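Colleague: Would you mind keeping the following structure in view while I ask a few things?
The values are calculated or read from the model by the stated rules, or taken from the named source; none is laboratory data. In this text the structure is predicted, and so the values were computed from the model without any measurement. Cβ atoms come from the backbone with ideal geometry, glycine included; neighbour counts cover every protein chain shown. SASA here: full protein model, heavy atoms, side chains in, ligands and nucleic acids out. Shrake-Rupley method; radii C 1.70, N 1.55, O 1.52, S 1.80 Å.
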Amino acid sequence: MSSPAKAAPPPTASTPDHDKILIVDFGSQVTQLIARRVREMGVYSEIVPFQSAEAAFKKLNPKAVILSGGPESVHEEGSPRAPQAIFDAGLPVLGICYGQMTMAAQLGGKVEGGHHREFGRADVEVKAASHLFESDWKVGEKHQVWMSHGDRITQMPPGFQVAGVSPNAPFAIIQDEKRKYYGLMFHPEVVHTPDGAKLIRNFVHKIAGAKADWSMRAFREEAIERIRAQVGKGRVICGLSGGVDSSVAALLIHEAIGEQLTCVFVDHGLLRLNEAKTVVDLFRNHYNIPLVHADASETFLRELAGVTDPEQKRKIIGKLFIDVFEAEAKKIGGAEFLAQGTLYPDVIESVSFTGGPSVTIKSHHNVGGLPARMNMKLVEPLRELFKDEVRKLGKELGLPDVFVGRHPFPGPGLAIRCPGAVTKEAMDILRLADAIYLDEIRKAGLYDEIWQAFAVILPVKTVGVMGDGRTYDHVLGLRAVTSVDGMTADFYPFDMKFLGAVATRIINEVKGVNRVVYDVTSKPPGTIEWE
């Protein structure tokens, strides 16, 4: 339940005492990584769509501006532009990919299409010293970067010089050091540009002079005050799923207002092994947070019977989740505030930017927000945070590692790890096999090296021989992927001895499975979800 009840603008000016970096989004798949890189350096950053950038610029009063990449072509009529107010303000500006090209065009240069395209890894040769490089990149050196462009600058704007070139981009890095304008044809925010974070750090700290005063301790204190100011003596209902987001939101709100908060845990029967008991024990018995445990597993399984289309499953689960939650909220009564674990990526994706890929990806993970008919005011204390920041806040609040460090788990639960029909038998098989798999990963000391690992029960059966008898049972798939930022992922290279041991244990302990396979596919840049 991490989506807001209705679309809301990105949060702005809620951190008045912090230096800020404004990121203008032109629709790149990896714009969020820019904000994350800046925040990793201890500086608060916000993303706004180019359509509303001028208003956000005036409201936020940033120390500097970063212009993101995007899918459009600057030379085409009607393509997006940065607000002129940004260039008139005299602040440092960093343009990345499309951001570089629109900056060049708006400041008097020329951009053309039809030239050599450059996608993927490339080498940039440094041609001039720059405050953007400092001592990290020296003249004459070559550095690996990640390119993604079909257009390029053909004439630099007045005052700029070339600071770096690549085989297909003679203006790969441009700069006007007097005005503190910098443009990169490549993406410094992605891990495929190994030294890219250094360039962003130099821009943020040395060129813009932003202070590193953004921390989870500071956020915690400020968030508690904001919650108290918003809620007053009112009552709050929080949808608790047991995931990291809702768990951290519940703890933060409880720390702010105590027993004015009641949590509702909707158990849809699609959770991991012993998940419901773990959630109830922790929040009701350990933290003493008022908690309603709504066991609706039979209802969910009945409504999902015979459904195989994954998107239809998500819609059914989302609707039932809302219905059950709403019914429990009415029983409690008297609450005027609804708390949700909305994160910053949820907020960004709820706003219409440029119709990017996140629109279709979004439904893959979530089960839907709560309806406006509940007529409750939203409390969303995490809506300024990315996932990794939520984990840091969870540790700051003392949430156990079993919750803070767990692998991502989809809102629709195990239903989308069951490509065929969702049945009690399939869920029981999947639950136990998944638990065995994760148990073996933990025993091997590999859990924290892996970004996400899970089992999938495939919609096929195979003939096998077990002992002296023939079997006709399910095939189980295993996945484990590594990721630095959640934007790209690669399969984890288990050795065959480990995989053999896991497969043997699953076949021996999980009745109904006679074959186990391991998935070795990877996901390229821009692919966010893995469930």
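Colleague: Output the residues belonging to segment 210-255 that are of a type in the set (Lys, Arg) and in a loop (DSSP other than H, G, I, E, B).
Modeller: If the condition is that a residue be of a type in the set (Lys, Arg) and in a loop (DSSP other than H, G, I, E, B), then Lys211, Lys233, Arg235 are the ones that fit.
Colleague: Quick check on segment 441-477: of everything there that is open to solvent by less than 40 Å² (accessible area, probe 1.4 Å) and not in a strand (DSSP E or B), which residue is nearest to Glu311 (Cα to Cα)?
Modeller: Residue satisfying both the conditions and the ranking: Ile450.
Colleague: Every residue in segment 409-431 that is within 28 Å of the chain's Cα centre (by Cα), at pLDDT 95 or above and open to solvent by 40 Å² or more (accessible area, probe 1.4 Å), please.
Modeller: Arg431
Colleague: To continue, here is another question. Taking the conditions exactly as written (touching a residue at least 60 places away in the same chain (Cβ under 8 Å), in contact with a Leu (Cβ under 6 Å, 6 or more places away or on another chain) and either closer than 15 Å to Ala172 by Cα or of a type in the set (Asp, Glu) (or both)), does Gly95 satisfy them or not?
Modeller: Considered against the rule, which asks whether it is touching a residue at least 60 places away in the same chain (Cβ under 8 Å), in contact with a Leu (Cβ under 6 Å, 6 or more places away or on another chain) and either closer than 15 Å to Ala172 by Cα or of a type in the set (Asp, Glu) (or both), Gly95 comes out as yes.
Conditions tested, residue by residue: (1) among the β-branched types (Val, Ile, Thr); (2) at pLDDT 80 or above; (3) closer than 27 Å to Met41 by Cα.
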site: Leu338; (1), (2), (3): no, yes, no
site: Glu349; (1), (2), (3): no, no, yes
site: Ser363; (1), (2), (3): no, no, no
site: Leu370; (1), (2), (3): no, no, no
site: Arg373; (1), (2), (3): no, no, no
site: Leu378; (1), (2), (3): no, yes, no
site: Asp388; (1), (2), (3): no, yes, yes
site: Arg391; (1), (2), (3): no, yes, yes
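Colleague: If we keep just the residues of segment 396-408 that are in a loop (DSSP other than H, G, I, E, B) and hydrophobic (A, V, I, L, M, F, W, C), which is least open to solvent (accessible area, probe 1.4 Å)?
Modeller: Here the answer is Leu399.
Colleague: Test of understanding: among Ile253, Ile322, which residue is touching a residue at least 12 places away in the same chain (Cβ under 8 Å), surrounded by 19 or more Cβ atoms within 10 Å (Cβ to Cβ), closer than 23 Å to Gly398 by Cβ and of a type outside the set (Gly, Ala, Ser)?
Modeller: Among Ile253, Ile322, only Ile253 is touching a residue at least 12 places away in the same chain (Cβ under 8 Å), surrounded by 19 or more Cβ atoms within 10 Å (Cβ to Cβ), closer than 23 Å to Gly398 by Cβ and of a type outside the set (Gly, Ala, Ser).
Colleague: Okay, next question. Residue by residue through segment 514-525, note down the ones that are out of contact with any Gly (no Cβ under 9 Å at 6 or more places or on another chain) and either of a type in the set (D, E, K, R) or at pLDDT 95 or above (or both).
Modeller: Within segment 514-525, Lys523 is the sole residue that qualifies.
Colleague: Still on this structure, please answer the following. Suppose we filter segment 198-237 for residues that are closer than 30 Å to Glu259 by Cβ and of a type in the set (Phe, Trp, Tyr); how many remain?
Modeller: 1
Colleague: Which number in (1) out of contact with any Asp or Glu (no Cβ under 7 Å at 6 or more places or on another chain); (2) more than 28 Å from Lys110 (Cβ to Cβ); (3) in a strand (DSSP E or B) marks the one condition that Ile47 misses?
Modeller: So the condition that Ile47 fails would be (1).
Colleague: All but one of (1) within 20 Å of Leu414 (Cβ to Cβ); (2) β-branched (Val, Ile, Thr); (3) surrounded by fewer than 18 Cβ atoms within 10 Å (Cβ to Cβ) hold for Ile224; which doesn't?
Modeller: The single condition Ile224 does not satisfy is (1).
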